[in-house]
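The block underneath contains the structure these notes are about, expressed in structure tokens.
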Ligand SMILES: NC(=O)c1ccc[n+]([C@@H]2O[C@H](COP(=O)([O-])OP(=O)(O)OC[C@H]3O[C@@H](n4cnc5c(N)ncnc54)[C@H](OP(=O)(O)O)[C@@H]3O)[C@@H](O)[C@H]2O)c1
């Protein structure tokens, strides 16, 4: 079940992963085991989620060989800069007790401190060393991407961004498509808020699917990768089973009409500078 997206270097990455934000460190291994048993192979964490040790235990204890798993972690805002990013990466590996990650992302651009270019150069080095198999960014806007690509010639494999029916980010996705960057949706279910939308609910009822499945399929059908957070086995299974049907053009158009100028609920990447 599930499918892959193809990264710019031609390698495959699972299109659906499990987000583990807000899952307490001690609970993560069991949640990952449940997910792996269902077929999940990708997991998304970050030092700021304070569960990297549990995620590392989950990677070792989920019953799937390491080389079949895809682990993403991120560089937190307070650790940006070339030397600091390299140190922070080592600390993540130590917390995870792993010798590589599959994807390492700069969590936010934090333009105010203006260190994301130096951070990106550190990630390029980590990829060359093979300790980060893939490198990318999160919450970057086109002008941030232009800068890191222009200065280094290295295109991020992925930009992980807030994306759900009320905040569809069409312009940014078009930029990604032009550059071969995978769009990955964080909070794809609008943190649960998108599930009650009557348009989504109507499509779900007609197709005999759940609202979560309709939203996730709307994304994956367009080549977007997704990392819904789900803590119950039922939700995890339901989300993975969203690959089992297709939406037609009318349903896709109806969901596209839900895009809203004020639909973002997360921070503005241009100003977010939490340390
Ligand atoms: N890069 C960034 O800046 C950034 C920012 C925020 C989040 N993220 C990543 O994105 C991941 C997901 O984001 P999120 O947790 O904010 O929001 P989300 O995935 O949109 O929504 C999670 C909520 O949806 C519920 N849910 C999941 N599957 C469901 C289903 N099939 N039916 C009904 N409810 C369902 C979950 O409930 P249960 O837990 O009860 O299943 C939870 O309350 C995070 O874990 C994190 O890895 C990244």
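No lab work stands behind these numbers, since they all come straight from the coordinates. Quantities reported herein were computed from a predicted structural model and do not represent experimental measurements. Ideal geometry is used to build each Cβ from the backbone, glycine not excepted, and the neighbour counts take in all protein chains shown.
A few notes on this one:
- Looking at the chain, the DSSP beta bridges with both ends there are about 15 percent antiparallel.
- Taken over the range 72-113, the percentage of Cα pairs per 5 Å bin, counting from 0 up to the bin with the maximum distance, is 6, 24, 34, 22, 10, 4, 1.
- Neighbour-count ranking [beta-carbon atoms within 10 angstrom, fewest first] of 140, 265: 265, 140
- The range 47-101 and the range 165-240: distance between their alpha carbon centers, rounded to Å: 26
- Extended-chain gain in nm, criterion 0.36 nm per residue less alpha-carbon gap, residue 248 and residue 146: 33.3 nm
- Distance between the modelled labels on residue 94 and residue 128, one decimal in nanometres: 2.4 nm (7 Å Cα→Cβ projection).
- Label-point separation, residue 206 to residue 235 (7 Å along Cα→Cβ), nm: 2.7
- Potential lengthening between residue 264 and residue 48 on full extension [0.36 nm per residue; Cα-Cα distance subtracted]: 75.7 nm
- In a fully extended conformation the segment linking residue 21 and residue 38 would gain 4.2 nm over its present Cα-Cα distance, using 0.36 nm per residue.
- Spin-label proximity, residue 196 to the range 164-189 - amide N less than 20 Å from point 7 Å beyond Cα toward beta carbon: 164-167, 187-189
- Restricting the calculation to alpha carbons of the range 1-117 gives Rg and Dmax of 14.5, 43 angstrom.
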